[in-house]
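Q: Before we start, here is the structure in question, set down as structure tokens.
The values are calculated or read from the model by the stated rules, or taken from the named source; none is laboratory data. Since this is a predicted model, take the numbers as computed values, not measurements. Backbone-built Cβ (ideal geometry, glycine too); neighbour counts: all protein chains shown.
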Amino acid sequence: MVISIAVLMFHIAPVVNASNDWVISAAEPVQMGGRAPAPLDVGISVEAKVQNKSGTDMEAAFRKTEALLIGQRLRSEFEKAANWGVVRLFPQPSVIPHLNVQLTSLESDGRVLKLEVAAVTVNGETLVSKVYTDTSTSEDYSVDKGDPFDDLYATILSDIRGELSSKLIRKSYLDTVSSLRYARELIPEAFPNYLGQESGLFVVGREPSSEDPMLARLNRLRDYELLFVDTIDEQLGSVAYKVGGAYFLWLKSSKEQLDWLDFRRNQGVSPEVLRNESTFTRLQAVYAAHRSLKIHEQELFELVLELENEARATAVYANEQVFRLSGTLEQQYREWRATLRQISSLESSL
């Protein structure tokens, strides 16, 4: 594979504290087998911006599902590396995890995968902001090779770990920032003036008491939110399992067609070329590759629509009630957030 990286933005503003709670790591980027600088919780969110070539709703639905598969794939890279906290896929960027990794798929056709990646700590420090491009080879589609874009995901993780390895990370401080940012989003009046900003970073001015009943309520609401995320996550795992095989075949057939089309453009379609039997055989392979692509594409798109319809509704048991949510993942997430605010309002009136 050949991986190219375009840097969009790079902002570092480390905060130094003499507390023994800091974890200090070497300045050099860590190797993939090294130890993560701190067991941070990670939240991955995804967005699809791949051009819709057909202009159909079916392809648009597929690209959204593909983005989720890409998010799942990066999460497995974090989990495989170990020494991280809990790694979750969120419908939208969240202030709950210590580290947010936002993925945007820009190009995906089996031959090239291009992702925009932004990795930001909950206190607002940007670790990585780059566009990663990986070009696959025919060998990458061998049965024993697994994901044809393994190198891209490994590079993303290596870059994030490398940036973290040069920093002073105090996990308990990020916990406090996360808690106060969550309070600001869900119950703005909960802890006014506890959290400020300096040079674009969130800074803790005051910490709520561990015995504060409002903090206990917010922690409970946060647990309810994570319950929803984990419930959705089970659905996404099922989708990835059912779609994975068809998606791999689509990637492979798409690359084959693109390779043959390049060959035809390079050779030119002329009577002289067509008289060459070996070339004519290759041109027949162009049609075969195109037909194979369309078969796999139709199978994949239909499967995506079927699974999407199945996953339109979610039932979550929380606060001794069953809540039923419907719509897209983003719509369900917003609906669940509104439900949590209602729960908070009811509890505060008791």
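Q: Considering only segment 35-77, how many residues are out of contact with any strand residue (DSSP E or B) (no Cβ under 6 Å at 6 or more places or on another chain) and farther than 21 Å from residue 233 by Cβ?
A: Of the residues in segment 35-77, 12 are out of contact with any strand residue (DSSP E or B) (no Cβ under 6 Å at 6 or more places or on another chain) and farther than 21 Å from residue 233 by Cβ.
Q: Something else now. Out of everything in segment 182-207 that is more than 16 Å from residue 338 (Cα to Cα) and in contact with a Ser or Thr (Cβ under 8 Å, 6 or more places away or on another chain), what residue ends up being modelled with the highest pLDDT?
A: In this case the residue turns out to be 204.
Q: Next question, about the same structure. Among the residues that make up segment 46-62, is at least one of them modelled with pLDDT of 95 or more and within 18 Å of residue 230 (Cα to Cα)?
A: Yes, that holds for at least one residue.
Q: Any residue in segment 175-190 that's more than 12 Å from residue 222 (Cα to Cα): show its pairings with residues that are part of a helix (DSSP H, G or I) and at pLDDT 85 or above at Cβ separation under 8 Å, as long as the two are six or more apart or on different chains.
A: 190/183; 190/184; 190/214; 190/218
Q: Something else: Would you pick out the residues in segment 191-205 that are closer than 26 Å to residue 86 by Cα and surrounded by 16 or more Cβ atoms within 10 Å (Cβ to Cβ)?
A: 195, 201, 202
Q: Just one of the numbered conditions (1) modelled with pLDDT under 60; (2) out of contact with any Lys or Arg (no Cβ under 7 Å at 6 or more places or on another chain) is not true of residue 239; which one?
A: So the condition that residue 239 fails would be (1).
Q: Answer yes if at least one residue in segment 35-45 is touching a His at 6+ places or on another chain (Cβ under 6 Å), closer than 18 Å to residue 123 by Cβ and modelled with pLDDT of 80 or more, and no otherwise.
A: yes
Q: Within the group 228, 248, which residue is buried (at least 16 other Cβ atoms within 10 Å of the Cβ), out of contact with any His (no Cβ under 8 Å at 6 or more places or on another chain) and under 17 Å from residue 96 (Cβ atoms)?
A: Testing whether each residue is buried (at least 16 other Cβ atoms within 10 Å of the Cβ), out of contact with any His (no Cβ under 8 Å at 6 or more places or on another chain) and under 17 Å from residue 96 (Cβ atoms) leaves just 228.
Q: Being in contact with a strand residue (DSSP E or B) (Cβ under 9 Å, 6 or more places away or on another chain) and buried (at least 19 other Cβ atoms within 10 Å of the Cβ) narrows it down to one residue among 168, 164; which is it?
A: 164
Q: So the check is Cβ under 6 Å with 6+ separation or different chains; which pairs have a first residue in segment 66-77 that's of a type in the set (A, V, I, L, M, F, W, C) and a second one that's assigned to a helix (DSSP H, G or I) and modelled with pLDDT of 95 or more?
A: Between residues of segment 66-77 that are of a type in the set (A, V, I, L, M, F, W, C) and residues that are assigned to a helix (DSSP H, G or I) and modelled with pLDDT of 95 or more, the close pairs are 74/153.
Q: Only one residue in 75, 63 is of a type in the set (D, E, K, R) and touching a Ser or Thr at 6+ places or on another chain (Cβ under 8 Å), so which one is that?
A: 63
Q: Also, I was wondering about something else. Touching a Ser or Thr at 6+ places or on another chain (Cβ under 6 Å) and aliphatic (A, V, I, L, M), is that true of residue 113?
A: In short, no.
Q: Looking at the structure I just gave you, is residue 251 within 20 Å of residue 88 (Cα to Cα) and not polar (S, T, N, Q)?
A: Judged against the criteria, residue 251 is not a match.
Q: Now, a different point. Would you be able to say whether some residue in segment 177-193 is more than 20 Å from residue 321 (Cα to Cα), in a loop (DSSP other than H, G, I, E, B) and of a type in the set (Ser, Thr, Tyr)?
A: No, there is no match, as no residue in segment 177-193 is more than 20 Å from residue 321 (Cα to Cα), in a loop (DSSP other than H, G, I, E, B) and of a type in the set (Ser, Thr, Tyr).
Q: Could you say whether any residue in segment 270-289 is assigned to a helix (DSSP H, G or I), under 32 Å from the mean Cα position of the chain (by Cα), surrounded by 16 or more Cβ atoms within 10 Å (Cβ to Cβ) and modelled with pLDDT under 80?
A: Checked against the condition, which is being assigned to a helix (DSSP H, G or I), under 32 Å from the mean Cα position of the chain (by Cα), surrounded by 16 or more Cβ atoms within 10 Å (Cβ to Cβ) and modelled with pLDDT under 80, segment 270-289 yields at least one hit.
Q: Right, another one. Going by the structure shown, is residue 208 crowded, with 16+ Cβ neighbours inside 10 Å and without any contact (Cβ under 8 Å) to a residue 60 or more places away in the chain?
A: yes
Q: Now for a separate question. Checking residue 79 against (1) modelled with pLDDT of 95 or more; (2) within 30 Å of residue 221 (Cα to Cα), only one condition comes out false. Which one?
A: Going through (1) modelled with pLDDT of 95 or more; (2) within 30 Å of residue 221 (Cα to Cα) one by one, residue 79 breaks only (1).
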